[in-house]
1. Give me the tail of P(r) for region 121-168 as a percent: Cα-Cα pairs with distance above 12 Å.
2. If I take every Cα pair under 8 Å that is 6 or more residues apart in the chain, average their sequence separation and divide by the length, what percent do I get for the relative contact order?
3. Based on Cα positions only, what radius of gyration and what Dmax would you give for region 42-131, in angstroms?
4. Using only alpha carbons, build the gyration tensor for region 379-442 and give me the equivalent ellipsoid semi-axes, biggest first, whole Å.
5. Could you work out the relative contact order of region 122-220? I mean the mean sequence separation of Cα pairs under 8 Å and 6+ apart, divided by the number of residues, in percent.
6. I need the per residue convex hull volume for region 150-216, using only the alpha carbons, in cubic angstrom as a whole number.
7. Kindly provide the pair-distance distribution of region 284-376 built from C-alpha pairs, with 5 Å bins from 0 and whole-percent values in order of increasing distance.
8. May I ask for log10 I(q)/I(0) of region 86-147 at q = 0.17, 0.22, 0.23, 0.28 Å⁻¹, from a Debye sum over the Cα atoms as equal point scatterers with solvent left out?
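What follows is calculated from the coordinates using simple rules that are stated; it is not laboratory data. Owing to the predicted nature of the structure, the values given are computational and were not obtained by experimental measurement.
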Ligand code: HEM
């Protein structure tokens with residue numbers, strides 16, 4: 001008879017592992033794995049959670065149905081920000097919403113969306129001039145949020161309302177809150193609620209215009225949402241439609257920005273691996289062919305492997321949480337209903353069997369010669385998996401390739417602080433501080 005997973009060492013009498021979990025979840029989970037192997041448990045105050053860290057076991061857990069492992073109870077913090085949408089919605093509504101968005105994130109649609117993104121990235125790189133310094137964290141956030149607004153709401157909306165939208169949106173994003181009630185009079189939460197109401201007012205006319213058929217091609221994903229239907233075949237109600245547009249902006253910008261900052265850090269920390277990547281970029285994307293054809297980005301094999309290795313070593317997703325609705329078994333243990341289940345990409349990605357010498361930056365481990373069956377890529381959890389796998393992963397991959405390729409094509413870069421640690425914060429993992437990068441275009445590369 002399987003028993004519940006063993007408790008990680010270090011639980012305090014009442015708080016359990018909560019203090020160490022909130023201080024540094026990755027360190028706690030890493031210690032638990034060393035003590036008990038791939039499946040163990042922690043106590044977070046009154047709650048118990050199974051922690052699953054093996055690559056095989058993690059995939060098994062992500063494939064479980066919603067009736068066993070649910071997302072909705074653990075994503076309720078999204079509701080005061082965007083309403084009953086996506087992971088925070090009832091499962092039937094969630095399925096209809098995901099189904100409505102899915103086609104726009106597949107195949108050629110992704111490349112079509114990436115072409116305007118390329119213009120933004122070219123413009124940003126051109127604005128850098130021939131030499132200087134940029135702070136990777138704020139620069140990537142600004143760029144990816146601008147791109148998100150264009151992708152979701154259209155270029156025309158961004159030109160008209162971009163600055164105000166950005167200010168209000170950042171107030172909503174800063175209102176992420178796990179414990180306090182929605183209307184608790186904390187200034188940050190009051191600002192969030194006000195900004196959310198204002199954003200809804202701002203987007204309603206856009207939605208209505210999209211539904212009236214005015215310039216659907218110029219309205220980004222909002223046009224897809226406006227034309228889509230819920231599970232009963234009716235158009236999404238206005239709150240849901242606007243909430244979906246906003247949650248797409250939210251899901252796409254900070255994750256991509258943080259992953260790009262880590263990519264710059266790791267690439268610049270490893271000049272030996274960086275040199276062939278920069279050469280590949282210059283060979284595949286010669287100067288003068290601007291904006292670079294999006295299809296060419298897929299030919300950047302070495303850069304692609306580096307991005308996988310960056311996501312392996314520094315995934316922005318540090319913990320994935322599910323609520324256990326039905327008892328299930330994993331790794332020879334039984335996880336009781338009423339518990340939570342936690343997955344931890346940064347720990348799983350250092351599994352020494354799947355990723356030998358796991359602490360080493362070794363993009364070549366993803367080459368077909370060394371990994372003919374693609375097991376190394378399949379083991380990555382940064383974009384989650386199963387029914388909740390990130391919808392925007394192909395788009396994010398192209399966006400990250402574009403930013404890195406255009407920077408590498410033109411500049412020699414250097415980290416001002418050569419060893420930034422991960423910042424301790426809620427949200428996507430990113431390098432601590434501003435993460436300044438010094439750059440210079442060598443004489444021959446000034447016009448690339
Ligand atoms: C490096 C960039 C990104 C990372 C690391 C990332 C990561 C993730 C993860 C881990 C989840 C699932 C969370 C869970 O299973 O609990 C997710 C979901 C999602 N992501 Fe991303 N994401 C990125 C970029 C994007 C972009 C660019 C978009 C859209 C434009 C996007 C849209 C979504 C959506 C809509 C979901 C909800 C999927 C669902 O539950 O059905 N993401 N993302």
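1. Values: 755 of 1128 pairs.
The calculated P(r) of region 121-168 puts 67 percent of pairs beyond 12 Å.
2. The normalised contact order for the chain reaches 24 percent.
3. Answer for region 42-131, Rg first and Dmax second: 19.7, 56 Å.
4. Values: eigenvalues 148, 73, 13 Å².
Over the Cα atoms of region 379-442, the ellipsoid semi-axes are 27, 19, 8 Å.
5. Working: 54 pairs, mean separation 29.8, N = 99.
Averaging sequence separation for qualifying contacts and normalising by length gives 30 percent for region 122-220.
6. Values: hull volume 6.2 nm³, N = 67.
Output value, Cα hull per residue: 93 Å³.
7. 3, 11, 15, 16, 13, 13, 12, 9, 4, 2, 2, 1, 0
8. With one equal scatterer per Cα and no solvent, log10 I(q)/I(0) is -0.77, -0.92, -0.95, -1.09.
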